[in-house]
Amino acid sequence: MGLTARDQQLVAAIQGGLPLVSRPFAEIGARIGLSENETIERIQALLADGTIKRLGVVVRHHELGYRANAMTVWNIPDDQVDELGRRIGGVNFVTLCYRRPRHLPDWPYNLFSMIHGQNRAAVLHNIEHLIERCGLKAIQHEVLFSRQRFKQCGAHYIDAPPHQPVVARMHSPSEGQA
Amino acid sequence: MNTLEKRLLNDFQRNLPPSPTPFADMAGELGVTEEEVISGLRTLTERGVVSRVGPVFRPQRCGVSSLVAMTVPEARLEAVAELVNAFPGVNHNYEREHRLNLWFVVTANTQEHLQALLQHIEQQTGLAILPLPMQAEYHIDLGFPLQWD
């Protein structure tokens with residue numbers, strides 16, 4: 001997986017969130033035998049190489065009133081999927097954008113994007129906007145609104161070391177939908 | 001939601017300063033005290049609006065996973081969803097408006113383990129599954145701009 005044992009310990013120590021104290025990196029470092037400076041340097045390195053996508057306040061959209069989400073799927077010619085995928089994935093209301101295999105003839109779609117909104121109309125409006133902005137008028141697509149949430153528990157990235165309790169945490173819907 | 005809470009939620013989704021005192025730095029930007037930032041974030045976490053203050057990892061650096069879709073007869077939907085949820089490594093299980101109406105993610109340590117899990121799910125539910133593993137990721141995670149009424 002490309003992480004050193006020390007970085008795995010660090011990831012396990014921060015994946016559930018930083019302690020909300022004045023010197024959080026000093027506290028994290030103390031748990032795993034790193035100085036505050038070393039902890040910050042390693043986190044910056046993980047940010048730089050993309051292991052950590054972002055460091056910040058992780059909000060739960062559902063709890064904030066963003067009750068609608070639509071998995072919007074596109075049937076994009078193979079030679080355009082990378083280009084259009086990057087374009088769609090760079091739009092700020094798109095929270096996930098992945099290429100996945102088609103299953104012909106039943107499932108022709110090869111690009112998946114997740115679009116959130118406060119309600120159905122807002123989501124549909126965003127999709128119209130996306131079609132305009134990314135030049136998708138000629139692309140076959142379907143919009144799959146969620147109806148019920150049976151489970152939304154994100155998998156932990158790395159198991160915590162044995163001395164730390166593993167706490168199941170609810171993650172925001174923008175995460176982990178691999 | 002007060003003004004400070006709105007800004008805590010919106011302004012720091014991807015730019016928590018990785019300095020020794022990130023909350024004091026945020027306080028400086030917001031024109032409040034470090035204590036107000038820390039207690040504000042604690043309150044938002046306790047209310048469940050904030051999942052955590054910390055990292056969002058790039059998916060699939062370790063372990064393997066697949067999105068899975070199934071067509072489940074309406075009458076069996078709750079029962080099948082419950083059955084699927086009982087498998088280890090199943091998360092993000094949603095009913096969606098489509099002929100393929102049940103969508104979830106299965107994660108495992110190895111490809112073999114993942115394939116075995118998918119087979120078990122098919123056997124136990126008696127329903128065909130459509131595995132849709134990620135092949136490429138295009139999303140640049142900039143956080144999510146919030147709108148307030």
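Values quoted throughout were computed directly from the atomic coordinates according to the rules given, and no laboratory measurement underlies them. These numbers were taken from a predicted model, which means no experiment stands behind them. Every residue, glycine as well, gets a Cβ built from its backbone with ideal geometry; the counts of neighbours run over all protein chains shown.
What is the distance in Å between the Cα centres of the range A:89-132 and the range A:64-79?
2
Which aspartates and glutamates does A:Lys137 reach when only Cα atoms under 20 Å apart count, and residues fewer than 8 places away in its own chain are ignored?
Of all the aspartates and glutamates, those that pass the test against A:Lys137 - Cα under 20 Å, at least 8 places apart if same chain - are A:Asp78, A:Asp79, A:Asp82, A:Glu83, A:Glu128.
What's the magnitude of the charge dipole for the range B:3-46 around its Cα centre, counting Lys and Arg as +1 and Asp and Glu as -1 at the beta-carbon? Answer in Debye, nearest 20.
The dipole magnitude comes to about 180 debye.
How would the range A:1-65 be classified by its alpha-carbon gyration tensor: rounded, prolate or oblate, with rounded meaning a/c under 1.5 and the a/b versus b/c comparison settling the rest?
Taking the square roots of the gyration eigenvalues as a ≥ b ≥ c, the range A:1-65 is oblate.
Using only the alpha-carbon atoms of the range A:69-129 as identical scatterers, what base-10 log of I(q)/I(0) does the Debye formula give at q = 0.23 Å⁻¹?
-0.92
Taking the inverse of the average 1/r across all pairs of different Cα atoms in the range A:1-111, what Kirkwood radius in Å do you get?
Evaluated on the range A:1-111, it is 17.3 Å.
Roughly how many Å is it from the Cα centre of the range B:1-37 to that of the range B:104-140, as a whole number?
Spelled out, the Cα-based centre of one part sits 39 Å from the other.
Over the protein assembly as shown, with a single point scatterer placed on each C-alpha, what log10 of the ratio I(q)/I(0) does the Debye formula yield at q = 0.09 1/Å?
The Cα Debye sum returns log10 ratios of -0.49.
Tell me which trypsin sites (Lys or Arg not before Pro) from the range B:30-113 have a DSSP coil assignment and no more than 11 other beta carbons within 10 Å of their own.
B:Arg99
Of all GluC sites (Glu not before Pro) in the range B:40-149, which ones are in loop regions per DSSP and have a Cβ with at most 16 other Cβ atoms within 10 Å?
Sites meeting the loop and neighbour criteria: B:Glu97.
Please give the average number of partner chain Cβ atoms lying within 10 Å of the Cβ of each residue in B:102-109, rounded to a whole number.
3
Mind checking the dipole of the range A:11-76: about its Cα centre, +1 per Lys or Arg Cβ, -1 per Asp or Glu Cβ, Debye to the nearest 20?
So the magnitude is around 280 debye.
Using the Cα centre as the reference, give the magnitude of the dipole from point charges on the C-beta atoms of the protein assembly as shown (Lys, Arg: +1; Asp, Glu: -1; all else neutral), rounded to the nearest 20 debye.
Charge dipole of the protein assembly as shown: 320 debye, to the nearest 20.
So what are the radius of gyration and Dmax for the Cα set of chain B, in Å?
20.4, 59
Which one, B:Val37, A:Tyr98, A:Thr72, is farthest towards the positive end of the dipole of the protein assembly as shown when Lys and Arg carry +1 and Asp and Glu -1 on their Cβ?
Of B:Val37, A:Tyr98, A:Thr72, it is A:Thr72.
Taking N as the number of residues in the range B:64-132, what value does Rg over Cα atoms divided by 2.2 N^0.38 Å take?
In units of the globular-protein estimate, the range B:64-132 measures up at 1.00.
Once you have the Cα-Cα distance between A:Asp79 and A:Gln44, take 0.36 nm times their residue separation minus that, and quote the gain in nm to one decimal.
Net length gain for the segment: 9.1 nm.
Can you give the relative contact order of the range A:5-48 as a percent, counting alpha carbon pairs under 8 Å and 6+ residues apart?
The normalised contact order for the range A:5-48 reaches 30 percent.
How much of the pair distance distribution for the range B:3-46 lies past 12 Å, counting alpha-carbon pairs only, in percent?
Here the tail beyond 12 Å accounts for 56 percent of pairs.
Looking only at B:Ala75, B:Ala86, B:Ala116, which one moves most when chain B is put into a Gaussian network model with springs between Cα atoms under 10 Å?
Residue with maximal mean-square fluctuation among B:Ala75, B:Ala86, B:Ala116: B:Ala75.
Shielding by partners for B:127-138, please: the mean number of other protein chain Cβ atoms within 10 Å of each residue's Cβ.
Averaged over the peptide's residues, the number is 6.
Among all the lysines, which ones have a C-alpha under 28 Å from B:Lys6's C-alpha, if same-chain residues fewer than 8 places away are not counted?
A:Lys53, A:Lys151
Sequence gap at least 6, Cα distance under 8 Å: using those rules, report the relative contact order of the range B:8-118 to the nearest whole percent.
20
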